[in-house]
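**Student:** One structure coming up, written as structure tokens, with questions to follow.
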Amino acid sequence: MPGKHDLLMVGPPGGSRHFELTFDPEHPLEPTPTVEDLFVVHLGAPVEEEQVERLLAAGGTRVSAHNPYGDEHGVTVADPDGYRLVLCSRSWTR
């Protein structure tokens, strides 16, 4: 249908933030990720190997982080398009 997009929104219920992924079927874009395109999740706990295995089973590939901080404090997984998810064992503090 013209003007319609596929949309996925992820965030806590009632939260003030969310992560949004969209797709325009009329004007699709070719993915162009770089090593600096990161989605970082601060777990505040060690990364469990089961979490990594589930990402790999879903099509991800474990990769070395471009920034050594990523390997020192977590695990980086690239999705099939090459975008990177960092599971960080540290907590987010402001």
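Computed from the coordinates by the stated procedures, all read-outs in this text should not be read as laboratory data. The shown structure was predicted, so the numbers you read here are calculated from the model rather than taken from an experiment. Heads up, the Cβs are rebuilt from the backbone with ideal geometry, glycines too, and the neighbour counts pull from every protein chain shown.
**Student:** When a footprinting reagent is the concern and you count Cβ atoms within 10 Å, what order do Leu21, Leu56 take, fewest first? Can you show the working numbers first?
**Tutor:** On the way: Leu21 9, Leu56 12.
By the 10 Å Cβ count, ascending: Leu21, Leu56.
**Student:** Based on other C-beta atoms within 10 Å, arrange His66, His27, His5 from fewest to most. If you can, show how the numbers build up before the last one.
**Tutor:** Working: His66 14, His27 7, His5 10.
If I rank by nearby Cβ atoms, fewest first, I get His27, His5, His66.
**Student:** Based on the alpha-carbon gyration tensor of the stretch 6-88 and its eigenvalue square roots a ≥ b ≥ c, which shape applies: rounded if a/c is under 1.5, prolate if not and a/b is larger than b/c, or oblate? Present the calculation step by step, with values, prior to reporting the outcome.
**Tutor:** Details: a/c = 1.84, a/b = 1.30, b/c = 1.41.
Here the stretch 6-88 falls in the oblate category.
**Student:** Only Cα pairs under 8 Å and at least 6 apart count here; give the relative contact order of the chain as a rounded whole percent. Walk me through the intermediate numbers first.
**Tutor:** Values: 138 pairs, mean separation 26.4, N = 94.
Over the chain, the number comes to 28 percent.
**Student:** Once a ≥ b ≥ c are taken as the square roots of the eigenvalues of the Cα gyration tensor of the stretch 32-76, is the result rounded (a/c under 1.5), prolate (a/b larger than b/c) or oblate (a/b not larger than b/c)? Don't jump to the answer; show the numbers that get you there.
**Tutor:** On the way: a/c = 1.86, a/b = 1.12, b/c = 1.65.
Oblate shape, in that a/c is at least 1.5 and b/c is the bigger or equal ratio.
**Student:** So which trypsin sites (Lys or Arg not before Pro) in the stretch 1-61 are both in a DSSP loop and have at most 14 other Cβ atoms within 10 Å of their Cβ?
**Tutor:** Lys4, Arg17
**Student:** Mean residue ellipticity at 222 nm from the helices of the chain, using -39,500 (n - 2.57) per DSSP H segment of n ≥ 4 over the full residue count, to the nearest 500 deg cm²/dmol? Before the final figure, lay out each step's value.
**Tutor:** Working: 2 runs with 15 residues, N = 94.
It comes out at -4000 deg cm²/dmol, rounded to the nearest 500.
**Student:** Tell me which residues come under 5 Å, amide H to amide H, from Leu38 once H is placed; ignore anything under 5 positions away on its chain.
**Tutor:** Amide H to amide H, under 5 Å and 5 or more residues apart or across chains, Leu38 pairs with nothing.
**Student:** If you take the beta carbon distance between Ala45 and Asp6 as r and set R0 to 22 Å, what does 1/(1 + (r/R0)^6) give as a FRET efficiency, to the nearest 0.05?
**Tutor:** Values: r = 33 Å, r/R0 = 1.48.
For Ala45 and Asp6, the calculated efficiency is 0.10.
**Student:** Order these by the 10 Å Cβ neighbour count, fewest first: Thr34, Thr93. Walk me through the numbers before you get to the answer.
**Tutor:** Numbers: Thr34 10, Thr93 6.
Result, fewest neighbours first: Thr93, Thr34.
**Student:** Please sort by residue number the GluC sites (Glu not before Pro) in the stretch 1-48 whose DSSP state is loop and whose Cβ has at most 11 other Cβ atoms within 10 Å. Intermediate values should be presented prior to the final figure.
**Tutor:** Values: sites: Glu20, Glu26, Glu36, Glu48; in loops: Glu26, Glu36, Glu48.
Here the sparse-neighbourhood loop sites are Glu26, Glu36.
**Student:** Along the Cα→Cβ direction, 7 angstrom out, place labels at Phe19 and Asp81. What is the inter-label distance in nm?
**Tutor:** 1.3 nm
**Student:** Residue by residue through the stretch 12-20, what is 3J(HN,Hα) from phi via Karplus (6.51 cos²θ - 1.76 cosθ + 1.60, θ = phi - 60°)? Round to whole Hz and write x for glycine and proline.
**Tutor:** Computed from phi, the couplings for the stretch 12-20 are x, x, x, x, 8, 9, 8, 10, 10 Hz.
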